[in-house]
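Shown next, in C-alpha cells, is the structure this report addresses.
The values are calculated or read from the model by the stated rules, or taken from the named source; none is laboratory data. Keep in mind that what you see is a predicted model, and the values were worked out from it rather than measured. Neighbour counts are summed over all protein chains in view; Cβ atoms, including those assigned to glycine, are modelled from backbone coordinates with ideal geometry.
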Amino acid sequence: MIPAAQQLPDLTGKTTSEALTILSNYGFQFQTQTRGGYETFAHVDGSIIHIMPSGEIVRTVPKIKTSQGKPYRRRYDQNGNQIQFIPGANTHNTGEILIL
C-alpha cells in the first residue's frame, strides 16, 4: 500500500486554503500548531504533513525501523519520491512550497 503522503499531488504554488482542502480530501486531519507556526496534519495510515511558517511542505510516511531498531520517518518530495538522506548535504528541503 502506498502511504497517503506519497499520493498527494504537488502542492507547490497552491494557496494555504487550496492545500488544506487537498489535505482534507486525501484524509489528512489537522493535529496541532506550534507557537512557531508549524502546522501538523496526520493521516490514519501514519503519514504526517508539516506546513512550515515559510510555506514549505514536509511529507513523511509512517515510521519504519532501521536494522538497529531505531524508528524514523522517510521524507518525500512533491512528486512522492523518497528524499535520499546524504550526511552533510541539504537533503531536508522538499522543494514543495505554498503561496502564503
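Some observations on this one:
- In the set (1) loosely packed, with under 12 Cβ neighbours inside 10 Å; (2) of a type in the set (K, R); (3) within 11 Å of A5 (Cα to Cα), the condition left unmet by R74 is number (1).
- Count of the stretch 2-17 residues which are more than 23 Å from Q82 (Cα to Cα) and in contact (Cβ under 8 Å) with a residue 40 or more places away in the chain: 2
- Check on E18, among the acidic types (D, E), closer than 21 Å to I99 by Cα and surrounded by 15 or more Cβ atoms within 10 Å (Cβ to Cβ): no
- The one condition in (1) at pLDDT below 95; (2) buried (at least 16 other Cβ atoms within 10 Å of the Cβ); (3) in contact with a Gly (Cβ under 7 Å, 6 or more places away or on another chain) that L100 fails to fulfil: (2)
- Residues that are assigned to a loop (DSSP other than H, G, I, E, B), touching a residue at least 24 places away in the same chain (Cβ under 8 Å) and within 12 Å of the chain's Cα centre (by Cα), drawn from the stretch 23-75: F28, H43, G46, S47, G55, V61, P62, R73
- Of all residues assigned to the stretch 26-44, none qualifies as being within 21 Å of N93 (Cβ to Cβ), modelled with pLDDT of 95 or more, surrounded by 16 or more Cβ atoms within 10 Å (Cβ to Cβ) and small (G, A, S).
- For the stretch 47-61, taking the residues that are in contact with a helix residue (DSSP H, G or I) (Cβ under 9 Å, 6 or more places away or on another chain) and more than 13 Å from Q7 (Cβ to Cβ), the one that is modelled with the lowest pLDDT is identified as T60.
- Filtering the stretch 45-57 to residues that are of a type in the set (A, V, I, L, M) and either in contact with a Lys or Arg (Cβ under 8 Å, 6 or more places away or on another chain) or buried (at least 18 other Cβ atoms within 10 Å of the Cβ) (or both) leaves I48, I49, I51, I57.
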